[in-house]
1. For segment B:9-27, what are the residues that are within 16 Å of ligand 4 (Cβ to nearest atom) and more than 9 Å from chain A (Cβ to nearest Cβ)?
2. Of all residues being under 13 Å from A:Pro436 (Cα atoms) and in contact with a His (Cβ under 9 Å, 6 or more places away or on another chain) in segment A:370-412, which is surrounded by the fewest Cβ atoms within 10 Å (Cβ to Cβ)? Just the residue, please.
3. Here is a list of conditions, (1) away from ligand 1 (no atom under 11 Å from the Cβ); (2) more than 14 Å from every other protein chain (Cβ to nearest Cβ), and A:Leu249 meets all of them except one; can you say which number that is?
4. Pick out the one residue from A:Asp86, A:Asp93 that is more than 30 Å from A:Asp52 (Cα to Cα) and either in contact with a Cys (Cβ under 6 Å, 6 or more places away or on another chain) or free of Cβ contacts under 8 Å to residues at least 60 places away in the same chain (or both).
5. Quick check on B:Lys180: is it on the phi < 0 side of the Ramachandran plot and at the interface with chain A (Cβ under 8 Å from one of its Cβ atoms)?
6. Just checking, does segment A:257-280 include any residue being among the acidic types (Asp, Glu) and more than 9 Å from ligand 1 (Cβ to nearest atom)?
7. Has segment A:522-535 got at least one residue that is more than 18 Å from the chain's Cα centre (by Cα) and within 30 Å of A:Thr327 (Cα to Cα)?
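The values are calculated or read from the model by the stated rules, or taken from the named source; none is laboratory data. Just so it is clear, the model here is predicted, and its values are computed rather than measured. Methodologically, a virtual Cβ is constructed for each residue, glycine included, from the backbone with ideal geometry; neighbour enumeration extends over all protein chains shown.
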Amino acid sequence: MKLIRGYPEYMRKSIKQVERTRPNRLEQSIPPMSLDERKALLTKFHPDFREDQKRALACGPSKGMRIHRELADLLEAQPLVTSTLDLNQIDFDVDVLIIGGGGAGTVAALWAMKEGIDPKRILIVTKLRHGDSNSTMAQGGIQAADRPNDSPATHYLDVIGGGHFTNRADLVKALVMDAPSIIAWHESLGMMYDKDADGNFVENPGGGTSRNRMHSAKDYTGLEIMRVLRDEARNAGIPVVEFAPAIELLMDDRGRVAGAVLLNLETKKYRIVKAQATILTTGGLGRLHMQQFPTTNHYGATGDGLVLAYRVGAELIDLDAIQYHPTGAAFPAQMAGLLITEKVRGMGAQPVNKDGELFVFPLEPRDVESSAFIRECYERELGIETPQGMRGVWLDSPMVDMLHGPGTIEASLPAMFRMYQRFGVDMTRDPILVFPTLHYQNGGVVADERGATNVPGLYVAGEVMGGIHGKNRLMGNSLLDFNVFGRRAGIAAANYARQAIAGKLSLAHVEEYKRQLRDAGIDNDHAAPQILPEYRGQEALERMLDIPI
Amino acid sequence: MIDQPREINIQLMGKDYKVSSGLTIIAAIEYAGYKLVRGAGCRAGFCGACPTLYRRAGSHKLYTALACQTLAEDGMCLVQVPFVPVVRRPYDIEEVAPSANIILQYYPEVAACVSCNTCTRACPQGISVMDYIQTALRGDIEQTALLSFDCISCGICSSRCPADIKHYPVGQLARRIYSKYLLPRSSQLADRLDEMETEQCEVEVETMMHLSTEELRARYEQRSFETVAGRDQKHSAIQKWGTAVDPVDYRDEVEEVAY
Ligand SMILES: Cc1cc2nc3c(=O)[nH]c(=O)nc-3n(C[C@H](O)[C@H](O)[C@H](O)COP(=O)(O)OP(=O)(O)OC[C@H]3O[C@@H](n4cnc5c(N)ncnc54)[C@H](O)[C@@H]3O)c2cc1C
Ligand code: SF4
Ligand code: SF4
Ligand code: FES
């Protein structure tokens, strides 16, 4: 296939149309939809409204909850280990076990230590490397109400309205009330936020915020937070075991969570952790690719924590609402699904179809905007099909430099610009092709404002936790939530660990869960947690022999 | 114009494979049948998990790249580097002082830099790595922090450095010292924290918590918005977030669809 400055010839023709209509579009946009129009669009096109793609959970503590098929399959899958596993040899005996070395896990470890737990009695176990996580990928920023015209109450209203008033009020209170002190903690750790000459933070607006309260570190905000947290955990000497996902939680004979079974991803050897308190911080589920959507999430985001928690009896909430980001990259294929920050539209780039027509107000709510893109591609058939068969619409990025002056893209969207440049596309000169991408797990495991679940000994924090954002999270509140609830869970788990004495370890709950599956008539042979997605080539898989060597 | 064949030949760790063209190195390795455990993290150029060492067809030179951010090319001969065991030296952020020799105290190797520029040429982020090592050597913490900011700690630079310099821990140390000691503290944040001592903020939030959903909704709809200077035209092309049109999800307006 011939590529001309990154695009095949037929796409170049469409780009000509985009360029033809651009002068007019620079002068005028189109108005937003009415509420009725939005409603009609959403119910017809938004993936979360496709009831045929959901089903009710057949067993477990949240039995009856309607969730996406892919997730239901996972929750109703067979465990990877049975209760016959030998639990007598304990490899790690600790006070606080943290499962998941992303942002939430690292924050929890640091605060469990500050709460008085000997760092050597804390253990972080994680699937990939410490920090290979969604946290590192966050670009936009973190919210906190610390400017004079803002207040925690204003932040509260934004969060709860953004979540369609479905959020748990006490969790939102914790989120907004802790926010300023979290930023102060970051400041004292030496995180390099964007600041003005006086030392005050440069704060931007974000989708759904009524005040400018998005603190950022260029478009590498999550990277900066994560690498400083990791650096601090290293300084503190907190042990980390990498490439060792937890594949099952352990309970003791009194029904408390008391550790986990780890799998060494390279040797496949299992190891047993006994812990007085366990904090689950495994992040999100983008790599389940619901309805075949691509995702912005990291390689290990397979919803393992939900599976583990569910089997010990923890309740789940709001998992019917998955956040799709309207602008994921659709071309070149190497970038499929990667996040194109909302900032690009915020700065003036319009979505246009293959004929160069603007078909939707550029800054509709995320779900409305996503639905409009899906309609344009699959009902009106006015999208652009890539050589790989993916459809998308143009996001007219060169408008940004035209509206704000040459060089704006390079200066304010360096990560974005760099990514396209690496694959031969110059987004300052040509539009980019986008389509909605699976971005965030709004719901998760139910917990109180200390991060405690309904199962004794089990705490959660971060994306795996539900209830904070209700049915919809606003940008900038999840970097905040993993800090707020990571800290709270770390402290609560430390205090719990001090009094608890874990009893005899057991996997009886696994047998119990299998019994529930059988009783519900579920008879399948797939297993969970999934640990990593399957991306091997079809041809290679077809001829693969599963031979032990 | 680039003419790409449909299939290309690559060598993974010395073995030949035919893979579909247009794939990143990560995807090409997977296409060939490998299940990656090492060498893949974010898959988007943010985490540094995927350093790759490669040669091109007909060339004797060794190149470095991020496997998730680089296209596999016909004739490439490559190997993934699982990680680079770079030493970092622990310190107490409360105890270090922003003195000119602080980085040298922890990383004296910096003084051995021979200015060969290998690190800069190897860096997949396009960072002027040698420059930030030089500024570190001069005791310029601020410049070291600013120049190293885009670093994703992949360790490629350190794997190639003849002087065994630990580049990314040097950058990390400089950035933390700079941000903690050389950037002024936010007075607005300090004021807010003082205010929060008085319980006023909590009372306001509690009030919100006790409103009915209808009352909350009414307040939500009446929110005033902070406008961004020059960007408050209603439907202009440069509509910015935070103006009167509020880009959040409006699914709650779709009443008949019960969650
Ligand atoms: C591209 C992108 C951009 C984003 N931008 C923003 C933004 O601008 N602002 C904002 O507020 N939020 C943003 N978010 C969301 C935010 O980054 C995440 O929700 C948040 O960082 C989640 O933190 P976490 O610690 O809960 O999970 P993660 O950071 O994902 O960490 C979870 C960790 O657990 C590990 N793990 C998973 N399963 C297991 C297991 N079985 N055993 C052991 N370990 C396991 C994972 O490998 C990972 O290291 C963005 C997300 C993405 C993907
Ligand atoms: S590679 Fe090492 S010696 Fe060469 S310029 Fe970089 S830091 Fe100096
Ligand atoms: S400076 Fe070194 S560690 Fe950092 S991104 Fe560049 S090559 Fe990687
Ligand atoms: S996988 Fe994270 S940078 Fe390549």
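1. So the first thing to find is which residues in segment B:9-27 are within 16 Å of ligand 4 (Cβ to nearest atom), and the list is B:23-27.
Scanning segment B:9-27 gives a single hit, B:Ile25.
2. Going through segment A:370-412, the residues under 13 Å from A:Pro436 (Cα atoms) turn out to be A:370-378, A:383, A:390-395.
Add one more test, that the residue is in contact with a His (Cβ under 9 Å, 6 or more places away or on another chain), and what stays is A:370-371, A:374.
Details: A:Ser370: 29, A:Ser371: 27, A:Ile374: 22.
Checking each candidate, the answer is A:Ile374.
3. For A:Leu249, the exception is condition (1).
4. Numbers: A:Asp93 fails: either in contact with a Cys (Cβ under 6 Å, 6 or more places away or on another chain) or free of Cβ contacts under 8 Å to residues at least 60 places away in the same chain (or both).
Matching residue, one of A:Asp86, A:Asp93: A:Asp86.
5. Values: on the phi < 0 side of the Ramachandran plot: yes; at the interface with chain A (Cβ under 8 Å from one of its Cβ atoms): yes.
So B:Lys180 passes the test.
6. Quick first cut of segment A:257-280, residues among the acidic types (Asp, Glu) only: A:266.
Now drop any that are not more than 9 Å from ligand 1 (Cβ to nearest atom), which leaves A:266.
Scanning segment A:257-280, I find at least one residue that is among the acidic types (Asp, Glu) and more than 9 Å from ligand 1 (Cβ to nearest atom), so the answer is yes.
7. The initial filter retains those residues of segment A:522-535 that are more than 18 Å from the chain's Cα centre (by Cα), namely A:522-528, A:534-535.
Retained after the next criterion (residues that are within 30 Å of A:Thr327 (Cα to Cα)): A:534-535.
Taking every residue of segment A:522-535 in turn, at least one turns out to be more than 18 Å from the chain's Cα centre (by Cα) and within 30 Å of A:Thr327 (Cα to Cα).
Residues checked against (1) within 16 Å of ligand 3 (Cβ to nearest atom); (2) closer than 25 Å to A:Asp219 by Cα; (3) out of contact with any Leu (no Cβ under 7 Å at 6 or more places or on another chain):
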residue: B:Ile141; (1), (2), (3): no, yes, no
residue: B:Cys154; (1), (2), (3): yes, yes, no
residue: B:Tyr168; (1), (2), (3): yes, yes, yes
residue: B:Tyr181; (1), (2), (3): no, yes, yes
residue: B:Met208; (1), (2), (3): no, no, no
residue: B:Phe225; (1), (2), (3): no, yes, yes
